[in-house]
Ligand code: T4K
């Protein structure tokens with residue numbers, strides 16, 4: 001990906017490059033005045049963190065939106081994962097897809113729990129339930145499913161395996177706030193689910209995350225663990241950490257939540273536009289969001305069939321970068337190909353054929369409130385141009401044969 005040889009696309013009768021970079025992950029911002037009003041409230045109250053009123057309100061609103069009993073807000077999604085893992089008493093080995101953001105695996109390894117990487121299925125890139133059972137050993141204590149790009153995992157199968165094999169079931173729902181599965185919202189499944197409210201997420205608190213669960217005892221434990229284990233003044237009952245969300249982050253979250261319907265509508269409009277524009281580009285398919293479900297439409301993911309395009313995914317992304325479209329290869333190259341996992345499990349690729357194949361096929365395109373319809377028109381014109389000249393671009397700039 002580095003050292004592009006691309007000069008410009010004008011020789012192909014090309015579209016002029018964007019003057020400014022268009023990024024995947026530009027934050028969705030709510031109402032500025034409302035945010036400032038809340039900041040003034042925090043200032044006047046002089047209560048900045050440690051379970052303040054904004055944090056409590058944010059937790060209540062998130063729980064109501066999902067329809068779950070408990071939401072425990074945190075300083076980020078990674079700490080929320082670590083705390084959920086600890087509160088569930090996971091030890092030994094935990095089965096997790098390799099095709100995810102590295103935080104899912106690190107949250108285990110950080111606590112000296114071995115992530116056992118499982119393959120994904122081609123239809124929606126979520127963990128392949130048919131392959132889980134043979135990865136279970138006497139050391140296995142749990143499964144973490146990841147609702148990748150807002151596609152909820154196979155809940156029925158996973159719950160059945162977890163029940164049968166007496167394993168804990170946790171979901172990394174960092175991408176799935178606002179998404180449903182058979183009409184039920186992500187955040188209500190398994191023993192608990194974890195959300196991320198990072199700046200790049202559909203709803204953001206600058207940095208933030210949460211554990212959501214219907215389990216009262218687990219919620220109590222998580223809440224204590226995020227506050228050093230304090231059970232009252234001068235009384236600590238658990239090993240805990242500092243996972244608290246501060247008031248400014250919670251204020252940002254509340255403002256985001258107030259705009260949630262607008263964010264979904266804009267993301268959906270963008271998705272429909274991409275779908276329409278890319279429909280006639282052979283070799284590129286937009287991954288669909290399930291029609292009958294609720295979605296946040298946050299990730300626009302395109303799959304490349306290089307036998308048709310005549311140009312590889314990496315080269316398409318390279319050309320897009322050259323044209324100022326900062327497409328991303330989420331989630332290349334898979335956790336098992338990054339350290340320390342690559343050294344720990346040098347042959348993991350043999351068990352992950354779909355992951356190995358699919359991680360080379362997909363890329364994400366910009367969406368969200370900062371993207372205009374004209375931007376999408378232009379991005380799609382660029383893609384059309386790249387694909388219709390795929391073989392020639394490949395020959396001139398990359399000297400590669402497909
Ligand atoms: N599990 C999953 C499945 C996740 O996807 C994540 C996070 C987690 C767990 C962990 O949750 P957190 O602990 O992060 O709450 C980004 C995010 O940093 C990361 O939160 C996210 N997943 C992941 C999918 O994306 P990078 O390495 O791509 O970040 P970066 O710095 O390249 O930013 C992405 C793009 O966003 C940039 O091109 C520019 C734009 N951007 C970013 C920021 C921060 C902005 O325009 N403004 C901004 O303020 O990981």
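Each reported figure results from applying straightforward, stated rules to the coordinates on display, with no laboratory input. Just so it is clear, the model here is predicted, and its values are computed rather than measured. Because the Cβ atoms are built from the backbone with ideal geometry, glycine has one as well, and the counts that use them run over all protein chains shown.
In terms of surrounding Cβ atoms within a 10 Å radius of their Cβ, 91, 309, 129, 233 rank from fewest to most as 233, 91, 129, 309.
Using a Gaussian network model of the chain whose springs link C-alpha atoms within less than 10 Å, name the residue from 27, 353, 333 with the highest mean-square fluctuation. Checking each option, the largest mean-square fluctuation is seen for 353. Springs between Cα atoms under 10 Å define the GNM used for the chain, and in it the highest mean-square fluctuation of 308, 68, 325 occurs at 308. The angle separating the long axis of helix 216-225 from the principal Cα axis of greatest extent in the chain is about 80 degrees. Placing a label point 7 Å from the Cα of residue 265 along the Cα-to-Cβ line, the residues of the range 354-387 whose backbone N sits under 18 Å from it are 368-374. To the nearest 10 degrees, how steep is helix 313-322 against the longest Cα principal axis of the chain, on a 0 to 90 scale? Taking the Cα atoms of the chain, the angle to 313-322 is about 90 degrees.
Multiplying the residue separation of residue 199 and residue 139 by 0.36 nm and subtracting their alpha-carbon distance yields 18.0 nm. Using the Cβ-Cβ distance between residue 235 and residue 373 with R0 = 45 Å, the FRET efficiency computed as 1/(1 + (r/R0)^6) comes to roughly 0.20. A convex hull fitted to the Cα coordinates of the chain yields 146 cubic angstrom per residue. At an R0 of 30 angstrom, the distance between the Cβ atoms of residue 343 and residue 111 translates into a FRET efficiency of 0.95. Shown for 157, 306: other C-beta atoms within 10 Å of each C-beta, ranked fewest to most, produce the order 157, 306. The helix-based estimate of mean residue ellipticity at 222 nm for the chain, built from -39,500 (n - 2.57) per DSSP H run of four or more residues and divided by its residue count, is -10500 deg cm²/dmol to the nearest 500.
Take the Cβ atoms of residue 44 and residue 21, set R0 to 60 Å, and the FRET efficiency comes out at 0.95.
Listed from fewest to most Cβ neighbours within 10 Å, the set 269, 86 follows the order 269, 86. Note on residue 51 and residue 276: their simple-model spin labels are 5.1 nm apart, each label 7 Å out from Cα toward Cβ. Computed from Cα positions, the angle between helix 260-278 and the longest principal axis of the chain comes to roughly 20 degrees. Here the spin labels are modelled as points 7 Å beyond Cα on the Cα-Cβ line, and at residue 388 and residue 216 they lie 6.5 nm apart.
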